[in-house]
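Peer 1: Below you'll find the structure I mean.
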Amino acid sequence: MSSNSLVNSKERGLSPAQVAWKRFKKNRLAMWAGGVIILLVLMAIAAPLIAPYPRDQGDLSKRFSKPSREHWLGTDDMGRDVLTRLIYGAQASLAVGLVSTGISIVIGVTLGAISGYFGGLVDNLIMRLVDIFMCFPFFLMAIVMAAVLGPGIRTVMLVSGVLSWPGLARIVRAEVLAIKEREFVEAARALGLSAPSIIWHHILPNVFAVLVVYATLGIAGGILGEAGLSYLGLGVKPPQPSWGNMLHMAQNFTALTNYPWLWIPAGIMILLTVLSINVLGDGLRDALDPKLRQ
Amino acid sequence: MFNYIVRRLLLMIPVIIGISMIVFLLINIAPGDPYRAMLETNPNITAEDYENMLRSIGYYDPLPVKYVKWASQVLSGNLGYSIDSKEPIASLLPRRLANTLTLSLPALILSTMIAVPLGVLSATRQYSRLDHILSILAFLGISIPAFFLALLFIKFVAFDLGWFPIQGMGSIMRGYTGWRLVLDRLYHMVLPVTVLTLVQVASRMRYTRSAMLEVIRQDYIRTARAKGLPEKRVIYKHALRNALIPVITVLSMSLGSILSGAVLTETVFMWPGMGTMVYRAISNRDYPVVMAGTMVLAIVMLFANLLADVMYAVVDPRIRYD
């Protein structure tokens, strides 16, 4: 039995990326999820072209009107078209997901790699910092930070990014600890390469698979963070629409009970996006990590 | 083991100090002060009174002085007073923590009781229709924001159908006593506990499934089957015991995040727990309460992590800490 060889006969001679793609293609659910995400991104980019009305244009004589032929999802408290704002809302929500994940990757990879590669006192200090951040009750800290920095889309990006790196730092550290003992790293060191160059060119590429999966799931986390903070009124500020601040409408009891078209579509968009990202992330993990394959 | 726990407890001290410093710094660079709103709304308060009030709570002290003052008070057992309600935090906090636990503990127990059997079922029938349905439900549960689920329940079940109260912890106006008070509390708990349970079932079921799949593939399970044990016995006696090890670890580790994760759900149901308390305190610039609430949750989190490591060694004799 060849069950302990990581690559089967059909996959011989292909690059790791080709092998991963081949496996990923077989996962129909993950392919669908990827398709949905591409559509959502296109929707965010092409918002001005596909939205039926200008973003902030409202007709105060038509506040809270029910879904109709002119306004498929009705209008909001200022008579603005809900469908239009839902389409534009993708911009803010996706941007928060991407930027906050970017911040968390930069901090997490840098600190994790330094910690794992150099060890000793530096490692100890960074790991204590990770311990501290790990113990922050995430949402309470996010609220405190958002209150300090003032609400806004930049605050949301910063808060989710700064609070979510410790997990990644631990993963990267563990990977670096394992990889730095391998012969090719020793060879690089013997050739006289500097530490940053070894980390960047020879160690980090080996962490790439872990990073891709983490980043995918991190984007989902960022979108959920935006939703929560904006729901509390501490996130993306109107008039710019985001799915989170559309849900904020539900804080008004009449809107919650009598005007469900104001907030339910936004919640469904968040669910759909996060669901697709989670399914995609799961598929990527299966495709990229040969150890987990059955 | 004893030495290990003592060492871990000692290691907690610098982490707790670090957390308190960061939270303290954050709170103190926040704009605004607790009396500003009072000055604007209450015409009886002069600018001079306002200054005096700020001075009396040490608003103008330099930051390190403030921190040392706060820390020495906390160490001597004085958590201070809520600026908003004038109540001592030492009496406010335990009540709020108890309210939060009233929601989180039943949700934790219920969700584990539901999730573990479902996870096992899903794993033993991998790729069956049941497994697919459960997996899809789990993905939905992981992806839906808990507070959105809560809003849906309030709108459709509590408001439209009128089956459950919309918010709060009890019908105060009715003045219930005795077992009627208990029933009334349970009635108010149903929706929030359902929301928290559903969300937790999703992730714990996924976790049990993958732990179980990993164990089932091991040699000793094949041995158990080969020696002719009935499948039920193989799964529930031999496999489940080992699959539960990571599940128990994750469970203890998630205690802290379950408490702080209930913030939004509490807010939506206006349940007077820790989350609602800190959220209100932040909007009112009631910093002693923010400080105390965040610290308590962080310390719970630290102990939950320690508990996770200890449980790991308790349930798995292969793990030893020296």
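Peer 1: I need the shape label for the protein assembly as shown. Rule: rounded when a/c is under 1.5, else prolate if a/b > b/c, else oblate, with a, b, c from the alpha carbon gyration tensor.
Peer 2: Note, shape of the protein assembly as shown comes out rounded.
Peer 1: Then there's this: With an 8 Å cut-off on Cα pairs and a minimum separation of 6 or more residues, tell me the relative contact order of segment B:94-269 in percent.
Peer 2: Rounded, it is 35 percent for segment B:94-269.
Peer 1: In peptide B:158-168, how many Cβ atoms from other protein chains are near each Cβ within 10 Å, on average?
Peer 2: Mean partner-chain Cβ count within 10 Å for B:158-168: 1.
Peer 1: On to the next question. Return a whole-number percent for the relative contact order of chain A, with Cα pairs under 8 Å and 6 or more residues apart as the contact set.
Peer 2: 24
Peer 1: Give the long-range amide H neighbours of B:Met270: residues separated by 5 or more places, or on another chain, with amide H under 5 Å away, using H modelled in the peptide plane at 1.01 Å from N.
Peer 2: B:Gly168
Peer 1: Mind giving me the nanometre distance, one decimal, between the label points for A:Val212 and B:Arg217, set 7 Å out from Cα along Cα→Cβ?
Peer 2: Between A:Val212 and B:Arg217, the label points sit 1.9 nm apart.
Peer 1: Turning to a different aspect of this structure: If I take all pairs of Cα atoms in chain B, what percentage of them are more than 27 Å from each other?
Peer 2: Percent of Cα pairs beyond 27 Å in chain B: 58.
Peer 1: Please list the helices of chain B that count as membrane-span-like by this rule: a mean Kyte-Doolittle hydropathy of at least -1.0 together with Cα atoms stretching 15 Å or more along the helix axis, each helix being a complete DSSP H run.
Peer 2: Within chain B the helices that satisfy the rule are B:2-29, B:63-75, B:89-124, B:129-143, B:178-216, B:240-269, B:287-315.
Peer 1: Shape of segment B:94-269 from its Cα gyration tensor (a ≥ b ≥ c, root eigenvalues): rounded if a/c is under 1.5, otherwise prolate when a/b > b/c, or oblate?
Peer 2: Prolate is the answer for segment B:94-269, as a/c is 1.5 or above and a/b outweighs b/c.
Peer 1: Further question: Can you figure out the FRET efficiency of B:Trp179 with B:Thr46, using R₀ = 56 Å and their beta-carbon distance, to the nearest 0.05?
Peer 2: Result of the calculation: an efficiency of 0.60.
Peer 1: With the cut-off at 32 Å, tell me which of the pairs A:Lys237/B:Lys155; B:Lys155/B:Lys232; A:Lys66/A:Lys237; A:Lys22/B:Lys237; A:Lys25/B:Lys227 have Cα atoms farther apart than that.
Peer 2: B:Lys155/B:Lys232; A:Lys22/B:Lys237; A:Lys25/B:Lys227
Peer 1: What percent does the relative contact order of chain B come to when contacts are Cα pairs within less than 8 Å and at least six residues apart?
Peer 2: 26
Peer 1: Among B:Arg129, B:Arg96, B:Arg241, determine the one that fluctuates most according to a GNM of chain B built with springs between C-alpha atoms less than 10 Å apart.
Peer 2: B:Arg129
Peer 1: Pop out the ³J(HN,Hα) list for segment A:36-52 in order, Karplus 6.51 cos²θ - 1.76 cosθ + 1.60 with θ = phi - 60°, rounded to Hz; leave Gly and Pro as x.
Peer 2: Running phi through 6.51 cos²θ - 1.76 cosθ + 1.60 with θ = phi - 60° gives 4, 5, 4, 4, 4, 5, 4, 4, 5, 5, 8, 3, x, 7, 9, 5, x Hz.
Peer 1: Please list, in order, the residues from segment B:270-310 whose amide nitrogen is less than 19 Å from a point placed 7 Å along the Cα→Cβ vector of B:Ala90.
Peer 2: B:288-297
Peer 1: Using amide H atoms built in the peptide plane, which far-off residues or other-chain residues are under 5 Å from A:Arg80 H to H?
Peer 2: HN-HN under 5 Å from A:Arg80: A:Asp59.
Peer 1: Any lysines with Cα under 26 Å of the B:Lys69 Cα? List them, leaving off those in the same chain fewer than 8 positions away.
Peer 2: Partners within reach: B:Lys86.
Since every read-out is calculated from the coordinates, none of them should be taken as a lab result. This structure is a prediction, so every number in the text was calculated from the model and none was measured. We place every Cβ from the backbone using ideal geometry, glycine too, and count neighbours over all the protein chains shown.
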